[in-house]
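First up is the structure itself, then whatever we jot down about it.
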Amino acid sequence: MASPAALLPCLSSYLNMHMQVTNKKSLGLASSTRRTNSLPTITRSSLADNARLLEAAAKHTVDTYVRSGMVVGLGSGLASGMAIQYLGRQLRAGAIQDIIGIPTSVGSASEAAKAGIPLDSYQDCPQINFTFSDADIIEEGTLVAVIGRGRTQAEESIIQEKTILEAAEKLVFIVTEKQYKGDLDGSVPVLINCFNWMEAAEEIDDLFLGDAEVWRRSSVGHAGPLGGEFPLVTKEGHSVLDVIFTSPILNLADVAESLDKVDGVVAHGVISRIPCTAVIASENGVCVVDNSPKDALKNV
């Protein structure tokens, strides 16, 4: 969580603009109540099954794509953590040598340090040979992905993660079959300048009017559409808006293009890149999908 001192400039701006919100439409949510939690119940058994499947996909990713002497981007998330741990074991066993890891987050840097992977910063590496990472969802066929949902740690950076993912010569997302889908739903995180967040939020709300709600992310719990008393401020000094789609997302690339045109938007969580590969964990084994001009799908 960011310190109170670091939040004061944005809180002051927030309070001033909050007073300007009238009974007319404010983010399209002035009369909204807290969103109902409709997530399915997650049991220990389902978590264990999910981890088992992802571990197989993580090992496949390292064994298939990582070679000695590479600079490797180390992604964020459960599957990426497993891949980092496995890569560390391979290094200690001598199966792979001379790897430099480029962490996409504080979490992946910590995992890599514990695994014994030598690290460098992405600013100091002109070339990244290969990067693996989790994705929140990934669009079937196109492999356009969303990252950064639900993170409340100010020290984590969507900008840093996205830079490393897009800079790699080869990019692989490790996901479950439930995350690889044609009918997309959920949210897209958007980073905006802190001092004009309300104006940007209003423009985004108008852009997706009737199809999405716009909520400012809080650093503590669920604080409502305006982010509560302690809205999340990233280490770069940006606010985070969650564009929560209430209708199916028909085309993620179109969403990204529309967000890029909004004044005040610094970055968003949509990753749209060709070529890209998805390593998909399922009960039937590991499935690999490419979005290159010669699209390929194969079971491993």
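Details
- Inter-label distance for GLN127 and GLN97, nm, one decimal - labels placed 7 Å from Cα along Cα-to-Cβ: 2.0 nm
- Order of ARG92, ARG151 under a 10 Å beta carbon neighbour criterion, fewest first: ARG92, ARG151
- Summing charges over all other residues whose Cβ lies under 11 Å from the Cβ of GLU161, with Lys and Arg as +1 and Asp and Glu as -1, gives -1.
- Pairwise centroid distance, computed over Cα atoms, of segment 164-205 with segment 43-92, Å: 22 Å
- Exceeding the 28 Å Cα-Cα cut-off - candidates LYS114/LYS235; LYS59/LYS261; LYS114/LYS162; LYS181/LYS235; LYS59/LYS162: LYS59/LYS261; LYS181/LYS235
- Anisotropy class of segment 33-192 from Cα gyration tensor, a/c 1.5 cut: prolate
- Residues SER68, SER258 arranged by fewest to most Cβ contacts within 10 Å: SER68, SER258
- Here's how it looks for GLY148: its modeled amide H is under 5 Å from those of ASP136, which are all 5 or more places away or on a different chain.
- Considering only the Cα atoms of segment 228-287, their convex hull presents on average a projected area of 7.4 nm².
- Sequentially through segment 230-247, phi angles give Karplus couplings (6.51, -1.76, 1.60; θ = phi - 60°) of 10, x, 5, 10, 6, 5, 8, x, 10, 7, 10, 9, 9, 8, 9, 6, 9, 10 Hz, Gly and Pro residues having no value and appearing as x.
- Segment 169-248: GluC sites (Glu not before Pro) in DSSP loop, at most 15 other beta carbons within 10 Å: GLU169, GLU177, GLU229, GLU236
- Both radii are taken from the alpha-carbon atoms of segment 160-300; with Rh as the Kirkwood radius, Rg/Rh is 1.01.
- Cβ-Cβ distance of ALA253 and SER110, R₀ of 41 Å, FRET efficiency by 1/(1 + (r/R0)^6): the value works out to about 0.80.
Coordinate-derived values only; no laboratory data. Nothing here was measured: the structure is a model prediction, and the numbers come from that model. Please note: Cβ atoms are built from the backbone with ideal geometry, for glycine as well, and neighbour counts cover all protein chains shown.
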